[in-house]
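Below is one structure, written out as structure tokens; comments come after it.
The values are calculated or read from the model by the stated rules, or taken from the named source; none is laboratory data. Every value quoted in this text rests on a predicted model; they were computed, and no experiment measured them. Positions of Cβ are generated from backbone atoms using ideal geometry, with glycine treated the same way; all protein chains shown enter the neighbour counts.
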2 protein chains.
Amino acid sequence: MKNAEIIAVGSEMLTPTRVDTNSLWLTDKLNTLGVEVVAKYVIGDDRTRLAETVQQALVSSDFVLISGGLGPTEDDVTRDSVALALGREQTFHAPISDAIEARFRKMNRVMPEINKRQAMVIAGAEILSNDRGTAPGQWLEVNGKVVAILPGPPHELKSMFERECLPRLEKMLPAVAIRILGLRISGMSESELDQTISPIYKQYENPVTTVLAHNGDMQVHFRARCETVEAADALLAEVGAQVDAVLGDRIYSRNGDTLEAVVGQKLMAKGQTLAVAESATGGGLAERITSTPGSSAYFVGGFVTYTRRMKTLFLGVSEELLAQHGAVSRETAQAMAEGAREKTGADWALAITGNAGPTTDGEEAPVGTIYVGLAGPEGTEVNHRVWAANDRARVRAFAGQMALDMLNRKL
Amino acid sequence: MKNAEIIAVGSEMLTPTRVDTNSLWLTDKLNTLGVEVVAKYVIGDDRTRLAETVQQALVSSDFVLISGGLGPTEDDVTRDSVALALGREQTFHAPISDAIEARFRKMNRVMPEINKRQAMVIAGAEILSNDRGTAPGQWLEVNGKVVAILPGPPHELKSMFERECLPRLEKMLPAVAIRILGLRISGMSESELDQTISPIYKQYENPVTTVLAHNGDMQVHFRARCETVEAADALLAEVGAQVDAVLGDRIYSRNGDTLEAVVGQKLMAKGQTLAVAESATGGGLAERITSTPGSSAYFVGGFVTYTRRMKTLFLGVSEELLAQHGAVSRETAQAMAEGAREKTGADWALAITGNAGPTTDGEEAPVGTIYVGLAGPEGTEVNHRVWAANDRARVRAFAGQMALDMLNRKL
């Protein structure tokens with residue numbers, strides 16, 4: 001198995017607010033080629049330091065990918081540092097300079113003299129064209145190993161890597177078939193999920209399993225790496241069947257679609273419509289449903305009833321019911337859902353009431369309490385949960401997930 | 001100025017989905033002490049490689065902070081690697097082992113034999129106590145330089161750093177006063193903001209200026225580093241006055257409060273209430289307003305009217321007006337705002353209608369078009385913008401920002 005190391009260059013990447021995301025994207029691409037990333041670096045604008053890092057990386061690994069530091073200023077040290085690391089000269093390459101000049105002309109600007117630095121090429125390098133910016137990349141083969149210099153802006157780097165580096169790497173690496181089975185799961189906690197499926201995935205080194213969890217929404221990826229597509233598919237089918245057997249209908253998507261998109265597809269297929277009534281989530285459920293393009297085909301709208309008066313005024317929840325059971329109650333959730341369904345004429349209505357915290361005024365339910373009502377053609381159901389999370393944003397996100405999960409199972 | 005390097009350890013940190021966030025938090029703490037971070041690394045579970053990295057970092061920098069790799073298994077290589085790098089022995093430290101054992105007993109569990117590895121201490125190390133987990137840290141002084149070994153889980157690392165490392169570092173470093181002026185700005189683009197204030201901040205190496213932009217909401221931080229608090233405050237006052245002069249009322253917060261929180265405070269001070277009516281943002285504006293704890297004191301609720309029929313039914317927008325001007329129009333925004341104000345009885349109502357994309361059906365306004373209506377005690381205003389961004393989530397976020405900005409100026 002071949003190894004790679006990734007170096008991000010730039011003092012701005014060493015501040016408390018900047019994260020190097022290029023390396024995550026590159027790692028995914030390299031893993032798919034069967035290459036493992038064994039080290040990552042962020043190095044400031046320091047020629048000596050960067051040159052040493054490149055030398056060290058070349059000792060341990062087969063591929064060294066460098067991103068950033070290709071701008072026109074004195075602070076952009078990548079070209080100089082790699083030349084220094086390899087003990088090679090740089091020469092001015094007129095066609096690059098002309099292309100940069102043409103790019104400036106197209107924007108009705110004159111190329112500053114300083115940009116000519118971007119046309120300096122290290123001896124022996126192949127030029128990697130940049131179709132999204134001025135700085136070209138460079139590809140250097142050194143004793144069978146590779147140093148690739150790529151631009152820092154992610155859209156420039158991604159385009160260059162896919163057009164220029166992938167074909168070169170594929171030629172150097174044994175053909176390998178990578179297939180991914182991606183499942184999305186709802187209705188259980190992350191630890192429940194892991195307990196349920198780990199006895200399966202721990203039997204396999206291949207496929208590699210990744211579990212991602214975010215506010216009650218979970219994804220499991222199985223990445224199979226085989227000599228042929230058929231072998232990889234067979235392996236995923238074998239693992240997938242075992243996972244299906246233990247997770248059942250908690251798997252809501254097998255193609256990456258979100259829960260709100262899956263619910264939308266089912267509603268469209270049935271020609272049905274949906275409305276919502278929200279208290280604790282304050283509009284977050286409607287926001288999530290409408291984040292899917294085309295949602296106006298099945299989502300008619302919603303109510304954010306943040307006071308008792310609005311629950312009465314717009315959803316017809318009676319004052320007596322609110323007084324008797326409280327705004328955070330099974331009865332209120334049911335009345336909100338039925339009110340929203342009736343007022344909008346939608347086939348389905350989801351209602352959420354609860355206490356997202358961070359505090360409770362004493363008479364209300366404890367922080368983390370959520371009631372979800374679902375009114376539909378055959379009546380109304382209410383589910384109830386109390387989350388320990390004392391985090392307003394998380395409780396709200398969990399509540400939205402619970403509501404969509406209820407509707408999805410019903411559909 | 002002293003330098004630091006930060007090493008994150010663990011093969012799991014070299015996957016496409018994991019980001020080392022400990023280094024961001026540590027960078028912030030180190031910068032506040034006047035220490036600059038000049039390199040960061042992520043190294044897999046490889047003793048030789050990690051030992052080499054530690055040695056190299058110690059050549060270039062004064063402080064080397066290592067996070068992770070302190071667990072009890074063979075894959076946890078940090079203790080061994082640092083011992084190897086420094087050429088020092090490790091010895092078993094019974095009190096650590098006893099403390100770990102007690103921790104297990106408290107959870108009614110027996111300490112596995114393997115956890116005794118966590119009680120191995122490198123010769124000459126001071127032990128850094130862990131009040132959130134089992135693995136203690138270690139503090140090593142080497143020829144006036146420091147290697148600090150910290151646990152990987154962020155809550156363990158943060159607690160240990162603040163209790164154990166900060167006091168030690170403060171003793172080693174010259175006293176320095178750091179003061180921060182943090183402004184939040186709305187109503188201009190990031191490039192307009194930078195063009196406006198860069199002639200000011202470029203005159204100063206101290207304070208250090210950071211501009212953060214996220215969907216139309218911007219923050220500018222000035223970090224002054226002086227010998228005394230008075231000098232730092234005077235410097236920030238000098239820079240702040242110049243920034244005030246050019247930005248004026250586009251600065252909406254000087255204490256970190258969000259735009260929705262500032263609007264809420266102003267409403268509460270006046271004893272006034274707010275309602276919303278949303279089409280394009282689909283509940284996102286209500287969600288944002290209610291993300292502020294205590295928002296029920298001034299936010300009564302909202303309508304998500306995702307169809308023409310709902311605009312008519314719930315906001316009283318006439319069918320003739322919709323037919324004549326379209327759902328995405330100045331007239332509809334005005335009627336939605338006035339309808340929401342009237343139906344809820346709130347003092348203010350914000351309405352958003354527009355086309356967030358990604359496509360338009362031809363009869364509607366172009367993608368990125370947003371109208372915001374604000375109905376209040378003295379009448380209704382409508383503002384209009386078209387964003388070039390062909391990104392549904394961004395257009396929706398910009399629209400919410402624009403709406404809150406309008407109300408904030410009015411208040």
Which one is farthest from the other protein chains (Cβ to nearest Cβ) among residues in the stretch A:7-46 that are under 23 Å from B:G34 (Cβ atoms) and in a loop (DSSP other than H, G, I, E, B)?
A:G10
Suppose we keep only residues that are among the polar types (S, T, N, Q), in contact with a strand residue (DSSP E or B) (Cβ under 9 Å, 6 or more places away or on another chain) and free of Cβ contacts under 8 Å to residues at least 40 places away in the same chain within the stretch A:202-239. Which one would you say is farthest from the other protein chains (Cβ to nearest Cβ)?
A:N206
Residues of the stretch A:207-246 being surrounded by fewer than 18 Cβ atoms within 10 Å (Cβ to Cβ), among the aliphatic types (A, V, I, L, M) and out of contact with any His (no Cβ under 9 Å at 6 or more places or on another chain), in sequence order, are A:A213, A:V229, A:A231, A:A234, A:A237, A:A241, A:A245, A:V246
Residue check, A:N130 in contact with a strand residue (DSSP E or B) (Cβ under 7 Å, 6 or more places away or on another chain) and either free of Cβ contacts under 8 Å to residues at least 40 places away in the same chain or not assigned by TED's automatic domain parsing to the domain that holds A:A8 (or both)
yes
Kindly indicate whether A:V77 is touching a residue at least 24 places away in the same chain (Cβ under 8 Å) and within 14 Å of chain B (Cβ to nearest Cβ).
yes
Looking at B:S279, B:S329, B:S253, B:S295 in this structure, which one is under 30 Å from B:I197 (Cα atoms) and of a type in the set (G, A, S)?
B:S253
Of those in the stretch A:315-337 that are within 19 Å of A:W348 (Cα to Cα) and touching a helix residue (DSSP H, G or I) at 6+ places or on another chain (Cβ under 7 Å), the residue nearest to the other protein chains (Cβ to nearest Cβ) is A:L315
Within the bounds of the stretch B:57-65, is there any residue that is more than 28 Å from A:T17 (Cα to Cα) and either more than 9 Å from chain A (Cβ to nearest Cβ) or buried (at least 17 other Cβ atoms within 10 Å of the Cβ) (or both)?
no
Conditions (1) free of Cβ contacts under 8 Å to residues at least 12 places away in the same chain; (2) surrounded by fewer than 22 Cβ atoms within 10 Å (Cβ to Cβ); (3) not hydroxyl-bearing (S, T, Y) -> A:G376 fails only (1)
Out of (1) touching an Asp or Glu at 6+ places or on another chain (Cβ under 8 Å); (2) in a loop (DSSP other than H, G, I, E, B), the one A:R109 does not meet is (1)
Determine if the stretch B:196-204 includes at least one residue that is of a type in the set (A, V, I, L, M) and either within 30 Å of B:G284 (Cα to Cα) or assigned to a helix (DSSP H, G or I) (or both).
yes
Among residues belonging to the stretch A:272-297 that are modelled with pLDDT of 95 or more and over 18 Å from B:E287 (Cα atoms), point out the one that is farthest from the other protein chains (Cβ to nearest Cβ).
A:Q272
